[in-house]
Amino acid sequence: MFDPIVSKANPNAQVHFTFDGESIYTAPNTSVAAALLAAGHTWFRQMPVSGQQRGPFCMMGACFDCLVEIDGITVQACVTTVTEGLNVTCVSQMHLQEGKFK
Ligand code: FES
């Protein structure tokens, strides 16, 4: 339906990051949420009580369903740009309870 945004200056440019240890390559200036969705990941965390899987919904920073951990800090994947070497993981409920949210 949509074509990915590719750098016109260098259409082969890619940025590498990991999600729970899986290597993922994406175009520069892509949000973490868009890159994960493009790689086939539809959920990034689970509800603490029900265990229900949660994934990006609004893609504009309003719903908070896209939370992930980057370097031990919980962030919204849809408003975070991928940079080379990011280590992204599913959000742990312990961090949410400890208030480690950026
Ligand atoms: S998808 Fe809604 S805040 Fe990120």
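Would you check if Val6 is surrounded by 12 or more Cβ atoms within 10 Å (Cβ to Cβ), under 14 Å from Val88 (Cβ atoms) and either more than 16 Å from the ligand (Cβ to nearest atom) or modelled with pLDDT of 95 or more (or both)? In short, no.
One residue alone among His16, His41 is in a loop (DSSP other than H, G, I, E, B) and surrounded by 13 or more Cβ atoms within 10 Å (Cβ to Cβ), and that residue is His41. The set of residues from the stretch 40-66 being touching a strand residue (DSSP E or B) at 6+ places or on another chain (Cβ under 6 Å) and either within 9 Å of the ligand (Cβ to nearest atom) or aromatic (Phe, Trp, Tyr) (or both) comprises Trp43, Phe44, Gly61, Asp65, Cys66. In a residue-by-residue description of the stretch 71-84, the property of being more than 13 Å from the chain's Cα centre (by Cα) and at pLDDT 95 or above applies to at least one position. All of (1) more than 13 Å from the chain's Cα centre (by Cα); (2) at pLDDT 85 or above hold for Val32 with one exception: (1).
The test for being modelled with pLDDT of 95 or more, among the hydroxyl-bearing types (Ser, Thr, Tyr) and surrounded by fewer than 11 Cβ atoms within 10 Å (Cβ to Cβ) does not hold for Ser50.
The values are calculated or read from the model by the stated rules, or taken from the named source; none is laboratory data. Computed from a predicted model, the values in this text were never measured in an experiment. Cβ: placed from backbone, ideal geometry, glycine included. Neighbour counts: every protein chain shown.
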